[in-house]
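Structure first, commentary second.
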Amino acid sequence: MITAVRMPESAEAAAEAAARGGRVMAGGTVVMAEVNTGPVADTELISLRHAGLSGITVNEGVARVGATTTFAELRSGLGFLSEAIRTLASPTIRNLATVGGNLFVPQPYGDFAVCLLALDATVEIAEGQETPIAEWNRRPGEIVTAVRFAVPREGTWFYHKAMRRKLNSAAIVTVAAVVDRDTVRVALGGVAPGPVRSPAAERVLRGQELTRDVLDAAGEAALADIDPRDDAYASAWYRRRVLPVHVRRAFQNEEA
Amino acid sequence: MAKLKGRGYASVNYPTGMNLGGDPSQALIHSTTTGTFVVSLSSVDLGQGLKTVVAQCAAEVLGLPFENILIDTADTDTGPHCMGTFASRGTHRVGNAVIMAAAEAREVMLAVAADELEVDPGDLETDGTGFIAVKGAEEKRIHITDLALAAHFKHGRTISGRGIFLKEQSTVVPETGEMDPDSCQAHACTVAVVEVDDETGVVEVLEMHNAYEIGRALNPAMVTQQVEGGAWMGMSHALFEATEPYYPARDHGPADFTEYLMPGPADIARQYSVILERPADNGPFGAKGIGEMTANAPIPAIANAIFDACGVRVETMPFTPERVLRDLDALKGTT
Amino acid sequence: MPSSVVNLTVNGREQEFLARPAESLLTSLRDRLGLMAAKRGCAQGSCGTCTVLVDDKPVMSCLVAVETIEAAEVRTLEGVADGERLDEVQQAFLDGFATQCGFCTAGMIMTAEALLAENPDPTHDEVVEAISGNVCRCTGYRAIVAAILDAAGRRK
């Protein structure tokens with residue numbers, strides 16, 4: 001049962017509060033749902049709403065996005081992410097849900113974490129350290145303060161999310177990719193306990209024109225890198241069965 | 001990869017009301033001193049619009065504007081009895097009871113007006129705007145507000161009425177099996193147009209065409225809404241909803257409205273609805289019930305459309321992309 | 001456990017009340033301030049019946065810990081009509097039969113108000129996306145989308 005809500009007003013204060021214990025809450029879209037439907041083990045919430053952790057800056061092609069930046073703010077701030085953000089939950093959630101918070105939600109939610117993996121983002125934590133997201137493991141008491149990534153050149157960013165509904169639904173399969181000459185990063189969501197890269201698909205795509213045959217081969221290859229589970233949206237069987245289709249469609253820019 | 005289009009239809013007939021030990025509802029109506037007619041009911045309006053429809057019935061019988069009617073469904077402790085709003089019985093039973101009550105109230109209303117205007121009640125008519133006037137001599141008239149005041153304070157009369165509709169219990173004729181369990185039956189047909197994505201098994205309902213024969217559409221806009229809302233529910237049940245997605249295993253039962261899948265506003269079909277009327281001789285102005293049936297026909301219509309599109313016979317709801325895809329694989333021999 | 005004093009401007013009026021730790025804005029509106037239009041459909045942020053405006057943004061009020069929005073401006077359905085005069089969105093919902101049981105209606109209208117304030121001439125698809133977080137069980141959504149487009153037209 002929650003007996004206090006702390007509201008630290010700086011990154012340092014937030015880190016101190018988190019180190020002392022308590023559940024960190026950014027947008028509240030996960031934590032408040034649990035608190036409302038209780039019981040919860042925590043007695044304290046640490047709200048990051050006033051810790052000064054929101055905001056987007058772009059310097060020489062590198063974006064730094066504060067951890068409590070909401071998805072609504074991000075969508076207006078970084079246009080290339082607009083279509084991807086449109087697939088995340090609904091507007092009334094996006095006005096609250098944060099970039100940082102999305103790093104902590106389990107698959108098949110957390111599509112933005114999939115995007116960050118494809119963008120090879122770094123995660124900045126309160127102590128001023130940055131870690132590449134693929135190597136980052138969250139530790140209790142740690143506050144993510146920002147993420148940083150190079151903004152992809154136009155025409156090199158690809159994103160496709162297959163859902164049971166056209167809007168506001170969790171991932172059956174999410175594909176996020178950057179393909180820019182020799183840089184090929186393909187990240188997948190909905191098909192493993194966390195977001196995963198697909199080195200196998202990347203090997204197929206590297207240096208190749210994105211023809212139908214190449215995309216089909218990449219999709220088939222990606223099967224080697226997944227570990228799908230059953231959930232209320234789709235089974236592991238189904239996710240495995242349609243993964244190659246959605247990998248291909250991510251690069252085809254056609255109405256799936 | 002192909003999007004395969006298909007069309008299918010299904011039809012349904014649906015009974016109005018219940019048999020049980022008889023199926024009654026009562027209504028009481030009384031005029032306030034300023035000519036508002038309060039209809040007292042225990043019937044519940046859940047949003048289906050019962051209050052609107054019975055107010056229309058009362059206004060029609062009384063010959064007064066809709067705005068003069070006040071429906072009071074406040075208290076099942078004290079109100080006149082109603083079996084409830086279910087079994088598609090509301091419009092039919094309660095409508096009939098209200099008509100009966102309003103007819104009695106109208107008689108009293110005209111009798112008092114006759115006294116006021118010093119004519120015979122048979123010489124009077126209502127003009128629908130609130131006046132009771134002498135036929136052929138409209139300038140000799142009285143407004144219901146003045147009439148109600150006069151009734152209460154001058155004549156000592158209550159302008160009120162009582163109504164009940166009972167569908168009597170029907171028992172089976174043992175020799176033949178004949179019985180009369182429902183008052184009337186409404187009929188409907190839905191044609192569904194779907195598109196099946198043969199690479200993912202995803203079914204999209206593009207169109208639903210609905211024809212409903214419901215005796216009398218007392219409120220055509222509300223009937224259309226019932227048809228469309230019900231068709232949405234049918235589509236939802238056909239393609240999305242499950243409390244046990246891995247039945248008979250109980251795993252992954254939905255824990256919130258995110259996991260409990262229902263089509264959202266981006267997933268709806270274009271609908272075209274037609275209302276047909278074959279008045280029922282025992283319905284209020286001929287109306288039949290349309291409450292529950294609207295979710296029924298769309299489901300098999302969608303199933304038939306899927307078969308038309310891609311040859312897959314779905315038999316278990318919901319017709320998930322996985323079920324369709326497994327059946328497509330089996331058809332192609334690629335299981 | 002100790003309650004906190006919270007100050008909000010709600011429908012243009014300053015309100016001060018006590019809130020329990022981690023109490024949601026929805027609970028504060030309904031149980032402290034008697035504003036019952038916002039509904040508690042799921043308390044999990046998955047139905048949208050609790051949608052209100054916080055600093056002009058439509059949010060799920062069940063997901064907002066009210067202590068964290070001290071001094072915010074909140075608008076609910078109760079603040080939409082001008083006395084007895086319904087605004088264009090409310091009137092369009094009535095005229096278009098876009099409400100049946102009414103449970104989603106308050107959330108739908110607040111979502112629509114926010115949309116039209118930011119985008120006075122939305123396309124059909126923009127309306128659909130705006131209400132994609134509001135669940136309706138009765139209408140099948142068509143009449144709601146039509147009512148919001150109708151209201152936009154009336155405002156022009």
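The values are calculated or read from the model by the stated rules, or taken from the named source; none is laboratory data. Every value quoted in this text rests on a predicted model; they were computed, and no experiment measured them. For neighbour counting, all protein chains shown are included, and Cβ atoms are generated from backbone atoms with ideal geometry for every residue, glycine included. Only protein heavy atoms, including side chains, enter the accessible area calculation; ligands, DNA and RNA are left aside. Shrake-Rupley method; radii C 1.70, N 1.55, O 1.52, S 1.80 Å.
Filter segment B:77-94 down to the residues that are among the small types (G, A, S) and touching a residue at least 60 places away in the same chain (Cβ under 8 Å), then identify the one that is surrounded by the fewest Cβ atoms within 10 Å (Cβ to Cβ). Looking at the filtered set, the residue picked out is B:A87. Among the residues of segment B:235-251, those that are under 17 Å from A:D230 (Cα atoms) and open to solvent by less than 70 Å² (accessible area, probe 1.4 Å) comprise B:F240, B:E241, B:A242, B:E244, B:P245, B:Y246, B:A249. Applying the condition of being hydrophobic (A, V, I, L, M, F, W, C) and closer than 19 Å to B:D197 by Cα to segment A:216-246 and asking which residue is surrounded by the most Cβ atoms within 10 Å (Cβ to Cβ) yields A:A234.
Among the residues of segment C:46-69, those that are within 12 Å of chain B (Cβ to nearest Cβ) and either out of contact with any helix residue (DSSP H, G or I) (no Cβ under 6 Å at 6 or more places or on another chain) or over 19 Å from A:T37 (Cβ atoms) (or both) comprise C:S46, C:C47. Against the conditions (1) touching a Leu at 6+ places or on another chain (Cβ under 7 Å); (2) open to solvent by less than 40 Å² (accessible area, probe 1.4 Å), B:V98 satisfies every one except (1).
Every residue, every condition in (1) assigned by TED's automatic domain parsing to the domain that holds A:T69; (2) over 27 Å from C:M60 (Cβ atoms); (3) surrounded by fewer than 16 Cβ atoms within 10 Å (Cβ to Cβ), yes or no:
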{"residue": "A:S82", "(1), (2), (3)": "yes, no, yes"}
{"residue": "A:S90", "(1), (2), (3)": "yes, no, no"}
{"residue": "A:G100", "(1), (2), (3)": "yes, no, no"}
{"residue": "A:A118", "(1), (2), (3)": "yes, yes, no"}
{"residue": "A:E124", "(1), (2), (3)": "yes, yes, no"}
{"residue": "A:G128", "(1), (2), (3)": "yes, yes, yes"}
{"residue": "A:P132", "(1), (2), (3)": "yes, yes, yes"}
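Of all residues in segment A:58-92, those that are over 15 Å from the mean Cα position of the chain (by Cα) and within 14 Å of chain C (Cβ to nearest Cβ) total 5. On the stretch given as segment B:252-261, residues that are open to solvent by less than 40 Å² (accessible area, probe 1.4 Å) and more than 7 Å from every other protein chain (Cβ to nearest Cβ) total 1. Of the strands (runs of 3 or more DSSP E) that lie entirely inside segment B:28-139, those containing 3 or more residues that are away from chain C (no Cβ under 14 Å) and more than 22 Å from B:V223 (Cα to Cα) span B:37-40, B:124-126, B:131-134.
Okay, residues lined up against (1) charged (D, E, K, R); (2) free of Cβ contacts under 8 Å to residues at least 12 places away in the same chain; (3) surrounded by fewer than 20 Cβ atoms within 10 Å (Cβ to Cβ):
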site	(1), (2), (3)
C:K57	yes, no, yes
C:C62	no, no, no
C:E67	yes, no, no
C:V74	no, no, no
C:C104	no, no, no
C:E113	yes, no, no
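In segment A:223-256, the residue that is farthest from B:E259 (Cα to Cα) out of those that are acidic (D, E) and facing chain B (nearest Cβ under 7 Å) is A:D230.
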